[in-house]
Amino acid sequence: IFHGILEKNPPTPTDVNPLLPPQLGEVILKCLEKDRDLRCQSAAELRADLKRIKRGSSSSSGSVARAPSPASSGAVPQGQSRTTVSALTTSATTPQRRLHLRLILGLVLSALLTGGFAVYERLNRTTTINPLNMQISKLTENGGAVIGAISLDGRYAAYIKRGDQQSLWVKQIATGSEAQVVPPGPGWFGDRRPTFSPDGNYIYYEHYDPTGENEIVLYSVPSLGGTPQRIIDDLMTPVAFSPDGKQIAFGHFDPDSGKKPQLIIANSDGGNRHVIAERDALAVNNSALSWSADGKFIAVSQYQLQKESLSSVLIFTPQGDLVKSFPYPFLVDGVVWLPDASGMFLQCRSREMNFRGQIKFQPYPAGPVQNVTNDLNDYRNITTTAEGKALATVQEQVSTGVFVGTAPAKWPGEIQMDPAPITHGQTDGDWMQWGSDGKIYLSADLHAFRMNADGSARLPIPDRATSALYPVACGPDAFVLALFRDNNLNLFRQNTGSGELKQLTSERDAEKPVCSKDGKWVYYVDFFEGALKRVSTSSGTPEVVAHGVGAGASFSPDDKRITFLQYGEHKASVVVQDVDGGGNKISLPSTAVTHSPAWAPDGRALILAKATGAGSNLFYQPLDGSKPTQITHFNAEPLGIGEYSFSPDGKQIAITRGRINDSDLIMFTNFR
């Protein structure tokens, strides 16, 4: 019925009722016109049209009456005056005219009500998702998929396969057969999903260029295999296609440029690259954006960390005009439109779920947010088929723990790790530091803890009820951590004796603090400014140490120098400089580095975590830039390195290790 109302032309009213005047049929069709500019614009306009019909009808009736009537010829019956005959004629035709007019008005009102109700229902219809009927099927097995996507026709899935070197594969969903499209080679794909072109003939994927430092390049390759073609470089998100496949949209950000993150459109061959919007924290964290199937809108997420919202989804036109904004009390890391633009799937993280990745659904243009998933898994990246009946995402079961090892007596030398972890939680140690007080500080599931080096005497700080991150010892009698207040993340210093809590920063997102041994200075990352800053623990205003820093810093054993990862356009470097920014500045290559650097206990080198095959290992990198030495050789799960920190005397090291073969590409169906 709705399709007929919205798409088909109605029959001519005189075809339904031949007794209706043709002029009335024109007015009815005008009221049913699908183009709003051609419809009646007001009740006054409709009344004027009906008056014209009435006037024409009256004129016609009068001329017919005068022609043959005795009154008009002068033959008046005996005993009746001309006035009497005229009155009889008028009284005879008035009921017919009134009946005629009522019929016209009734038909017009009926048409208006029917059309109006249909339009109202269309505008106020809310798409809903039914998770209870949803069916889940695995597209890959054995935890070997880093990231993936489904084609618009639902026939194929593309995914990045783990191994000593990563590779790109395509799977035919109906038969389960697989084919390697891009073989293993130098460099790696990271965690940005591949994207099928709208016609399904090509896969666009991003790869770290092995000839550059931290260079990300977009390639296209035929879906069933062929020679990859370089398309464009310097992008920070997966690409989204326009419906005709002629353009792509993506996010871009150069941390040291002084510019805000950008939303960019380019031709699908990489040409005609141009910025359509700039916003703070736009499309960060590898966030996937989405171009609607009608070509009218591009949806992209934005971190905000304001009192009213943690993030928003912004709806832009391809010309860069902001159409609508959806603020949320959770973080959004990706968006994908339904094909009919009746809603969007959101990849998001909320405090209630300890910031585990989940999937929600937002009806468009309005409606309440609905949960699609609400479980203990992590979900990353979302793609849908053209009919919107299947959704593909990566399901991950995170498993991490803190392990302790013995440092070599002489550097460089092999670190000997204990085989068993000292923690027993599911996700312990996503942040971990060995404090100057000899305690290990860590955070897990939005709570901070302090414990002995063997894992005993584990206590929450500042208490069990407070959401806290990034705890670190700061001087002999205090620690620093980040607390959520009014959706902002700021650093606080707490005295361990008195319990006094002092706020040190007033940022939107202050992360990854490190503290000098004397407890006088705290260095941290301002996420929104993309800068490394420092602040005195006694008083004062934070000051910028370096721009283009997205990971934390590390103090040298003598507290005179710091090291950190610094990002620039087309490259990243490991930087060593004095704590005040003076002195000789050293820049070292960051190729394959996966974590912010730390100092070796001897003060003559850095300890770097680098990607090695499927996992990562630690390397001893001399400050003179000479060849690094591998000092761990993890060849069995857990293969991933998260955090690492040395004991105060440098004789032991704590490492957060995690399983890497823990994610698969899955498909949801039957949710609508």
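The values are calculated or read from the model by the stated rules, or taken from the named source; none is laboratory data. Remember, predicted model here, so these are calculated numbers, not experimental data. Positions of Cβ are backbone-derived with ideal geometry, glycine not excepted, and every protein chain shown enters the neighbour counts.
Observations, loosely collected:
- All of THR594, THR612, THR632, THR656 fail the test of being over 28 Å from ASN452 (Cβ atoms) and in contact (Cβ under 8 Å) with a residue 40 or more places away in the chain, apart from THR594.
- Count of residues meeting criterion [over 30 Å from GLY650 (Cα atoms), at pLDDT 95 or above and either over 20 Å from the mean Cα position of the chain (by Cα) or part of a loop (DSSP other than H, G, I, E, B) (or both)] in segment 384-414: 1
- Residue in segment 630-652 that is hydroxyl-bearing (Ser, Thr, Tyr), buried (at least 20 other Cβ atoms within 10 Å of the Cβ) and part of a loop (DSSP other than H, G, I, E, B) present: yes
- The listed residues are ASP333, ASP280, ASP294, and the only one of them that is in the same structural domain as LYS246 (by TED's automatic domain parsing), among the acidic types (Asp, Glu) and either assigned to a strand (DSSP E or B) or closer than 15 Å to THR237 by Cα (or both) turns out to be ASP333.
- Residue match in segment 407-420 (condition: under 22 Å from LEU606 (Cα atoms), surrounded by fewer than 14 Cβ atoms within 10 Å (Cβ to Cβ) and in contact (Cβ under 8 Å) with a residue 12 or more places away in the chain): yes
- In summary, LEU565 fulfils each of the numbered conditions (1) under 28 Å from GLY658 (Cβ atoms); (2) assigned to a loop (DSSP other than H, G, I, E, B) with the single exception of condition (2).
- Residues of segment 475-506 satisfying the condition of being under 17 Å from HIS447 (Cβ atoms) and more than 26 Å from the chain's Cα centre (by Cα): PHE479, VAL480, LEU481, LEU491, PHE492, GLN494, LEU501
Residue by residue, here is whether (1) free of Cβ contacts under 8 Å to residues at least 60 places away in the same chain; (2) among the acidic types (Asp, Glu); (3) closer than 25 Å to GLU396 by Cβ; (4) touching a Ser or Thr at 6+ places or on another chain (Cβ under 8 Å) holds:
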residue: LEU263; (1), (2), (3), (4): yes, no, no, no
residue: VAL275; (1), (2), (3), (4): yes, no, no, no
residue: VAL300; (1), (2), (3), (4): yes, no, yes, yes
residue: SER309; (1), (2), (3), (4): no, no, no, no
residue: ILE315; (1), (2), (3), (4): yes, no, no, yes
residue: ASP321; (1), (2), (3), (4): yes, yes, no, no
residue: TYR328; (1), (2), (3), (4): yes, no, yes, yes
residue: VAL336; (1), (2), (3), (4): yes, no, yes, yes
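- Subset tally (residues that are assigned to a helix (DSSP H, G or I) and in contact (Cβ under 8 Å) with a residue 12 or more places away in the chain) for segment 10-55: 15
Results for (1) crowded, with 23+ Cβ neighbours inside 10 Å; (2) under 14 Å from the mean Cα position of the chain (by Cα), shown as yes or no for each residue.
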position: LEU322; (1), (2): no, no
position: PHE326; (1), (2): no, yes
position: VAL335; (1), (2): yes, yes
position: ALA341; (1), (2): no, no
position: LEU346; (1), (2): yes, yes
position: ARG351; (1), (2): no, no
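- Residue in segment 259-268 that is polar (S, T, N, Q), assigned by TED's automatic domain parsing to the domain that holds TYR204, crowded, with 20+ Cβ neighbours inside 10 Å and within 20 Å of the chain's Cα centre (by Cα) present: yes
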